[in-house]
Amino acid sequence: MLAGQLSISRRPEAAARAPSRRGTRRPILALKPLSADGNAFSGAFSGHLDPAFDRVAFEWDGLGRRAYDAVVFHWPTEFFRPTRRKETLAFLARMALDRLRGTRFVWVAHNLAPHDGGSRASATTRDLFLRQLDGVIYLSQQSRREAERLYPVLAGKPSLVTVHGRYDDTAVPASPHRAGTGRLLTFGLIRAYKNAAGLVRAAHGVRTAPFALTVAGTPFEDGLVDEIVAAARGDPRVTLDIRDALMPADELERLIDAHDAVVMPYTQILNSGVALHALARNRPILAPRLGSLPEVAEAVGPDFVHLYDGPIRAEVIDTFLAAIAGRDLGTADLSAFGWDRVGGDVSAFIAGLLELPASELSGHPA
């Protein structure tokens with residue numbers, strides 16, 4: 001199946017559903033979240049859905065009252081790592097009631113499980129949530145393969161494989177890539193799997209000159225900053241820009257533009273907004289051959305997406321620097337990651353779940 005195609009599997013439970021009672025009103029599509037500070041994805045996602053849907057912010061109080069025709073969860077931490085298990089079980093019971101009345105529930109599988117947040121992992125609430133789903137939206141083919149391997153129940157669910165949309169809305173216009181002087185950047189939320197300390201340790205062995213590395217981000221887990229600071233000690237080529245608050249969008253864009261390339265030293269990854277963000281600024285990336293990144297490399301090309309195997313190492317960085325040295329790469333081709341395409345894919349998928357005639361979709365984002 002090619003990215004962007006719909007994959008509809010049989011749903012034995014569909015016959016038990018109550019018929020829609022929408023009448024002539026637009027179906028109410030609740031999104032969690034509709035938009036979010038510091039994360040451009042959710043706002044772009046909802047903003048490019050077809051105007052046939054009445055898009056609203058999801059509220060937990062709406063569950064059990066048939067307040068919504070469809071619900072889209074982006075990061076359902078409450079079900080994977082419930083803070084209050086009894087409350088989560090009550091949410092699941094109300095979801096089941098709404099499903100009997102015709103509400104459809106969809107998960108956008110950004111990750112196979114939350115990186116953090118919530119409390120202790122609960123296989124019980126997670127599995128109950130997955131069984132309640134009417135559809136799953138994947139942002140890459142590899143996402144679907146990994147999710148269905150880890151959670152076999154998903155293989156029987158209707159699914160869509162689309163892409164992670166590019167970052168179109170910018171405060172500072174992106175400029176074409178020009179040959180630089182070995183200035184590398186890693187940025188984003190600082191989490192253990194993003195391995196910033198490992199990158200800094202690898203940087204000590206880089207032989208290329210000139211070379212400089214900036215680590216910019218906001219810590220999301222205790223202890224990581226101390227590890228990064230300790231790793232950076234004694235190497236004047238490493239600059240740390242670690243903040244308690246998220247960097248403003250315009251400042252982050254200027255920071256990316258001030259560097260020649262972006263490094264993603266991650267130890268695990270499924271989909272990456274950082275990769276699309278860097279590419280949208282026309283900065284080549286160095287990233288592990290994991291998750292969806294080989295698909296990104298195939299779509300964008302080897303000049304802008306450089307993949308490595310195994311852990312991040314000094315020789316990997318040296319090879320990358322040699323590959324981009326003295327080269328004006330120009331503009332990354334992100335045509336495959338347009339939001340109009342994503343919005344069209346998702347709108348058609350949800351309309352199919354709701355048995356909404358294709359003629360009711362305008363084909364244009366809201």
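The values are calculated or read from the model by the stated rules, or taken from the named source; none is laboratory data. Remember, predicted model here, so these are calculated numbers, not experimental data. Here Cβ is always computed from backbone atoms with ideal geometry, including for glycine, and neighbour counts include all displayed protein chains. Accessible surface areas use protein heavy atoms only, side chains included; no ligands, DNA or RNA. Shrake-Rupley method; radii C 1.70, N 1.55, O 1.52, S 1.80 Å.
For this structure, a couple of remarks:
- Residue match in segment 108-117 (condition: surrounded by 17 or more Cβ atoms within 10 Å (Cβ to Cβ), part of a strand (DSSP E or B), under 14 Å from the mean Cα position of the chain (by Cα) and β-branched (Val, Ile, Thr)): yes
- Sole residue being among the charged types (D, E, K, R), in contact with a Ser or Thr (Cβ under 6 Å, 6 or more places away or on another chain), open to solvent by 30 Å² or more (accessible area, probe 1.4 Å) and free of Cβ contacts under 8 Å to residues at least 60 places away in the same chain, chosen from 148, 87, 78: 78
Rundown of residues vs (1) modelled with pLDDT under 95; (2) touching a strand residue (DSSP E or B) at 6+ places or on another chain (Cβ under 6 Å); (3) of a type in the set (A, V, I, L, M), yes/no style:
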position	(1), (2), (3)
44	no, no, yes
61	no, no, no
69	no, yes, no
103	no, no, no
107	no, yes, no
128	no, no, yes
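- Check on residue 179, open to solvent by less than 20 Å² (accessible area, probe 1.4 Å), over 19 Å from the mean Cα position of the chain (by Cα) and modelled with pLDDT of 95 or more: no
- Of the residues contained in segment 312-323, none is found to be within 23 Å of residue 172 (Cβ to Cβ) and either open to solvent by 10 Å² or more (accessible area, probe 1.4 Å) or of a type in the set (Gly, Ala, Ser) (or both).
- Here residue 18 clears all of (1) open to solvent by 60 Å² or more (accessible area, probe 1.4 Å); (2) at pLDDT below 95 except the condition numbered (1).
- When segment 152-172 is filtered for residues that are touching a helix residue (DSSP H, G or I) at 6+ places or on another chain (Cβ under 9 Å) and farther than 25 Å from residue 347 by Cα, the ones remaining, listed by number, are 171, 172.
- Evaluated against (1) over 17 Å from the mean Cα position of the chain (by Cα); (2) at pLDDT 95 or above; (3) buried (at least 16 other Cβ atoms within 10 Å of the Cβ); (4) assigned to a loop (DSSP other than H, G, I, E, B), residue 365 falls short on exactly one condition, (2).
- Consider segment 238-254 and keep the residues that are outside any loop (DSSP other than H, G, I, E, B) and not β-branched (Val, Ile, Thr). The one that is most open to solvent (accessible area, probe 1.4 Å) is 254.
- Candidates 162, 170, 186 - the one that is touching a residue at least 12 places away in the same chain (Cβ under 8 Å), β-branched (Val, Ile, Thr) and open to solvent by 40 Å² or more (accessible area, probe 1.4 Å): 170
- Check on residue 350, of a type in the set (A, V, I, L, M), open to solvent by less than 10 Å² (accessible area, probe 1.4 Å), modelled with pLDDT of 95 or more and farther than 30 Å from residue 55 by Cα: no
- Residue in segment 125-139 that is under 27 Å from residue 321 (Cβ atoms), basic (Lys, Arg) and either under 20 Å from the mean Cα position of the chain (by Cα) or surrounded by fewer than 14 Cβ atoms within 10 Å (Cβ to Cβ) (or both) present: no
- Exactly one residue among 252, 270, 246, 240 is at negative phi and modelled with pLDDT under 95, and that residue is 246.
- Among residues of segment 211-228, those that are modelled with pLDDT of 95 or more and open to solvent by 60 Å² or more (accessible area, probe 1.4 Å), counted: 2
- Elements of type strands (runs of 3 or more DSSP E) contained in segment 149-227, each with 1 or more residues being among the small types (Gly, Ala, Ser) and under 21 Å from residue 315 (Cα atoms): 212-219
- Figure legend. Inter-residue proximity from segment 308-324: first residues closer than 15 Å to residue 267 by Cα and part of a loop (DSSP other than H, G, I, E, B), second residues among the hydroxyl-bearing types (Ser, Thr, Tyr) and open to solvent by 50 Å² or more (accessible area, probe 1.4 Å), beta-carbon distance below 8 Å, spacing 6+ or different chains. Indicated pairs: 311/267.
- Test for residue 257: is it open to solvent by less than 40 Å² (accessible area, probe 1.4 Å), in contact with a helix residue (DSSP H, G or I) (Cβ under 9 Å, 6 or more places away or on another chain) and more than 19 Å from residue 336 (Cβ to Cβ): no
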